[in-house]
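Engineer: Mind having a look at this structure? Questions to follow.
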Amino acid sequence: MIDLSNWLWPGAALGLGDEFTRPWWYFSLLLWLLFGGFSLLSQRHDPRAVRYWLFFVLCFAGNMLLIAALDAVSFYLGFSLLSLSAYGLVIHSNTAKARRAGRLYLQLAVLGEILLFSGLILRASAADGRFDWHSWQTVPLEPLTLTLLLLGLGLKAGFWPLHWWLPQAHPVAPAPASALLSGVMIKAGLLGMLMFLPATDTLMQQWAPLLLVIGLISAFYGILAGLLYTQPKVILAYSSVSQMGYLLLLFALLSLTGVAALPVLLAYVVHHGMAKGSLFLYAGMAGEAAGRIWRQALFWLAALSMMALPLSSGALVKTGLKTQLAAANLPAWLNGGALSQLLTMGAVLTALLLLHLAAQLRAPNNKQSNHTAKASAVNSAGRWAFLTLLVSALWLLPWFMVQQWQLAWPTLAQYAGLIWPLLLALLLRWLWYKLGWQLPAYWYNRNAAVLYYSLRLKRLYQPVSQQQRQWPAFSLRPLERRLNRMLQLLVVATTALLCCLMFVALIFSAV
């Protein structure tokens, strides 16, 4: 542990002292390194590469800081740095669509920061001004505080109905940035919920069944909404909404089953981060995979893991989820058997969505990545090597989960229960094409209504008729450009060096 209370504020500290934050930190660091190596190749010829790396490093620093934080203030600083810096990755392409998505993301990020800050102030007041985790664990939650924290952290986590920014931000961000948004960054909201909302709290246990129902709604909504789109990254974004619903369900089970559900939740976080990161990277390079079986096999290996194919990490976490649900102390109005059947139906829909994604990636009118493939053909082998490494780690993950978190291998009966949903999804997909099932055309690829309200909100604080301030004729812009050229490389290099030094010191202190 690194005690910073003498330098900063009372209780300020960083460390990886427990079995919960340590694997989360190492897993996140691994994904940041893999996606960073991929970005070195994919952004090599990008004219806006310096800006990309600046926001990339800031997001990295914020993410690592909030995981290692041992007090609420440090967590909030890291969370804010991550949330606000991700805006630069969302608008990286500088297109009109990217700016529109960035505007919505920033509005919701600022709203989430306000809600989270308000909840933390109330929580600190109840804890007599103390900010360390141990002091907060013994302080009972209040309804207003719990509501503010769930909303503020839920906007980052992206589960229904707080998911509005996800389907807008993912399609416009670069492929490695989308992989980070879905694989690592949205987990910050879930981590905050685990830190700020003790599972043993009486009010949390009362609200847990409601959160369980919201998680199930998010799981089904994300899949059904994704089936109405043909853009691969939008489909993957809605898939993330669905998977965050399952993670919210596991979070609720912590209050109903105790710490027994924690290893399953950690395993699910790691599984989803690797699998969804692999799919986003593949979606960004799909134009290069035509006619190359081994490249297409990487997609199917990641997709089949998401479909919970036997011997995959998905099979391990899905059976663990059902086991914890069966052991949960559910209220009378929730039927455990019916919930288990809903999880099985969710597996069918998840497989159906990924088969729909595969069809869209092969569609001849889907050329979103062809220009990228042509512009960076010299780096193609390196980028596919990073994707191969990530997919290989994904399929080695079950053995790590069994050894480190003592998860049980599924039985033969459970494996059979995992295979038939996949077979049913294949049958439904075949009938879909054979019988030509289609909804009315206006149901597909619709713009979200939230974009309209985002524009209306912008008009409130930036009216179209607003008088522009007349500046003097002289301008300091040439001097600013000259300074930017001189400092841009220095700022990025210095920031990266400071982050590396800080985390090396953190690792040695934890050891």
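The values are calculated or read from the model by the stated rules, or taken from the named source; none is laboratory data. These figures come from a predicted structure and were not determined experimentally. Here the Cβ positions follow ideal geometry from the backbone for every residue, glycine too, while neighbour counts run over all protein chains shown.
Engineer: Which of the residues spanning segment 47-86 are assigned to a loop (DSSP other than H, G, I, E, B) and either among the polar types (S, T, N, Q) or over 20 Å from Trp9 (Cβ atoms) (or both)?
Structural biologist: Pro47, Arg48
Engineer: Continuing with this model, one more query. Taking the conditions exactly as written (modelled with pLDDT of 70 or more and either farther than 30 Å from Ser39 by Cβ or not assigned by TED's automatic domain parsing to the domain that holds Ile293 (or both)), does Leu349 satisfy them or not?
Structural biologist: The answer is yes for Leu349.
Engineer: Still on this structure, please answer the following. Name the residues in segment 160-206 that are in contact with an Asp or Glu (Cβ under 9 Å, 6 or more places away or on another chain) and aliphatic (A, V, I, L, M), would you?
Structural biologist: Hit for segment 160-206 is Leu203, nothing else.
Engineer: Something else now. Assigned by TED's automatic domain parsing to the domain that holds Met307, modelled with pLDDT of 90 or more, within 22 Å of Val264 (Cβ to Cβ) and not in a loop (DSSP other than H, G, I, E, B): which single residue out of Trp395, Trp399 fits that description?
Structural biologist: Sole residue among the options that is assigned by TED's automatic domain parsing to the domain that holds Met307, modelled with pLDDT of 90 or more, within 22 Å of Val264 (Cβ to Cβ) and not in a loop (DSSP other than H, G, I, E, B): Trp395.
Each row is one residue, and each column tells you yes or no for (1) of a type in the set (D, E, K, R); (2) out of contact with any strand residue (DSSP E or B) (no Cβ under 6 Å at 6 or more places or on another chain); (3) farther than 22 Å from Ala351 by Cα; (4) at pLDDT 90 or above.
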residue	(1), (2), (3), (4)
Gly183	no, yes, no, no
Leu190	no, yes, yes, yes
Leu197	no, yes, yes, no
Thr202	no, yes, yes, no
Ile235	no, yes, no, yes
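Engineer: Hey, another quick one. Scanning for something in contact (Cβ under 8 Å) with a residue 40 or more places away in the chain and assigned to a helix (DSSP H, G or I), does segment 8-21 turn up at least one residue?
Structural biologist: Within segment 8-21, one or more residues are in contact (Cβ under 8 Å) with a residue 40 or more places away in the chain and assigned to a helix (DSSP H, G or I).
Engineer: Shifting gears a bit: Out of (1) in contact with a Phe, Trp or Tyr (Cβ under 7 Å, 6 or more places away or on another chain); (2) outside any loop (DSSP other than H, G, I, E, B), the odd one out for His356 is which?
Structural biologist: (1)
Engineer: Moving on. Would you pick out the residues in segment 453-464 that are under 18 Å from Gln168 (Cβ atoms) and surrounded by 10 or more Cβ atoms within 10 Å (Cβ to Cβ)?
Structural biologist: The answer is Tyr453, Ser454, Leu455, Leu457, Lys458.
Engineer: If you don't mind, there's one more thing I want to ask. In this structure, is Ser93 of a type in the set (S, T, N, Q), buried (at least 23 other Cβ atoms within 10 Å of the Cβ), over 30 Å from Ser5 (Cβ atoms) and in contact (Cβ under 8 Å) with a residue 60 or more places away in the chain?
Structural biologist: no
Engineer: Could you please let me know if Leu66 is buried (at least 22 other Cβ atoms within 10 Å of the Cβ), within 21 Å of Trp25 (Cβ to Cβ) and not polar (S, T, N, Q)?
Structural biologist: In short, yes.
Engineer: Can you name the residue in segment 427-442 that is in contact (Cβ under 8 Å) with a residue 40 or more places away in the chain and surrounded by 10 or more Cβ atoms within 10 Å (Cβ to Cβ) and, of all such residues, is farthest from Ile235 (Cα to Cα)?
Structural biologist: Taking the candidates together, the pick is Leu428.
Engineer: Give me a count of the residues in segment 116-169 that are charged (D, E, K, R) and within 30 Å of Gly226 (Cα to Cα).
Structural biologist: Total satisfying the criteria: 1.
Engineer: Additional query: State whether the residues of segment 291-299 include one that is crowded, with 24+ Cβ neighbours inside 10 Å and basic (Lys, Arg).
Structural biologist: no
Engineer: Residue check: is Ala101 crowded, with 18+ Cβ neighbours inside 10 Å and either at pLDDT 90 or above or over 20 Å from Met195 (Cα atoms) (or both)?
Structural biologist: The answer is yes for Ala101.
Engineer: Separate question: Might you let me know whether segment 369-382 holds any residue that is touching a Leu at 6+ places or on another chain (Cβ under 9 Å) and modelled with pLDDT of 85 or more?
Structural biologist: no
Engineer: Sort through Leu228, Leu248, Leu216 and tell me the only one that's of a type in the set (A, V, I, L, M) and either in a loop (DSSP other than H, G, I, E, B) or modelled with pLDDT of 95 or more (or both).
Structural biologist: Leu228
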